[in-house]
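K.L.:
Take this structure, written in structure tokens, and hold onto it; I'll ask about it next.
The values are calculated or read from the model by the stated rules, or taken from the named source; none is laboratory data. Not measured: the values here are computed from a predicted model. Glycine gets a Cβ as well: all are built from the backbone with ideal geometry, and neighbour counts include every protein chain shown.
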Amino acid sequence: MSKDSFDTFPPYKSSDTLRQLLVRAAFLPALGGALIAIFFGWVLGPRAAEEVVGPRLRLPALALMWTARVLAPVAVVIILANGLRHW
């Protein structure tokens, strides 16, 4: 076997660097997850949380809203920053 057969990443042109960032660093799935959480938390709002959790459970609905509005986007940014640091 040649040495090239063991290469995990084949050589790329300079134009392929963006593709490598978007696909291999899992940038797009993480960005999609953050956008869904932001949309759920800020656009759909408390009514959506009450539908998911139930109308009588106010505290879990508030926890879900806080998680979707604050915690999930911050976690995604931290994960992306960590992935970009190793890239």
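K.L.:
Does PRO73 count as surrounded by fewer than 16 Cβ atoms within 10 Å (Cβ to Cβ) and either not in a helix (DSSP H, G or I) or not β-branched (Val, Ile, Thr) (or both)?
P.N.:
Taking the combined requirement at face value, the residue does not satisfy it.
K.L.:
Only one of ALA63, ALA81 is at pLDDT 90 or above and not hydroxyl-bearing (Ser, Thr, Tyr). Can you tell me which?
P.N.:
Selected residue: ALA63, the only one of ALA63, ALA81 that is at pLDDT 90 or above and not hydroxyl-bearing (Ser, Thr, Tyr).
K.L.:
Looking at the range 57-70, which of its residues are surrounded by 15 or more Cβ atoms within 10 Å (Cβ to Cβ) and in contact with a helix residue (DSSP H, G or I) (Cβ under 7 Å, 6 or more places away or on another chain)? Explain how you work it out, then say what you get.
P.N.:
Initial filter on the range 57-70 (surrounded by 15 or more Cβ atoms within 10 Å (Cβ to Cβ)): 61, 64-65, 67-69.
Selection gives ALA61, LEU64, MET65, ALA68, ARG69.
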